[in-house]
Amino acid sequence: MIRWGNNKLKIGSYNDTFSFEGEEYVLRYTLSKKQEPLFRNYEWLHEEYIVKGRAMQDIADQFGVSAMAICHWLKKHSIMTRPPGRFASLISDDD
């Protein structure tokens, strides 16, 4: 529950009417719980990065964050990261 002026608000939709310079306005707003972005979820991130093989930058672009933000969550969840794409070809399994 939050306070808006003297009102206590719960999750839901609200309308407030107010006047300004002789004109009347209606302010409509909705209060909802903030959802965590999917890239912070272990199962989702593992599926996208490991199983589907998506690049950090590709996932980052989907959410409007940096690749380093995705890297942070991969490390936080102990998901092994791949070498950067342009260097991956230099690493061989035959070594």
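So here's what we get for this one:
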| read-out | value |
| --- | --- |
| Matching option when the condition is modelled with pLDDT of 95 or more and more than 17 Å from the chain's Cα centre (by Cα), among 78, 19, 13, 66 | 78 |
| Residue count, region 49-68 (criterion: of a type in the set (D, E, K, R) and touching a helix residue (DSSP H, G or I) at 6+ places or on another chain (Cβ under 6 Å)) | 1 |
| Selection from region 31-47 of residues that are touching a helix residue (DSSP H, G or I) at 6+ places or on another chain (Cβ under 7 Å) and either of a type in the set (Val, Ile, Thr) or in a helix (DSSP H, G or I) (or both) | 38, 39, 40, 44, 45 |
| Qualifying residue in region 27-46 (condition: modelled with pLDDT of 85 or more and of a type in the set (Val, Ile, Thr)) | no |
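The values are calculated or read from the model by the stated rules, or taken from the named source; none is laboratory data. These numbers were taken from a predicted model, which means no experiment stands behind them. All Cβ positions, even for glycine, are placed from backbone atoms using ideal geometry, and neighbour counts span all protein chains on display.
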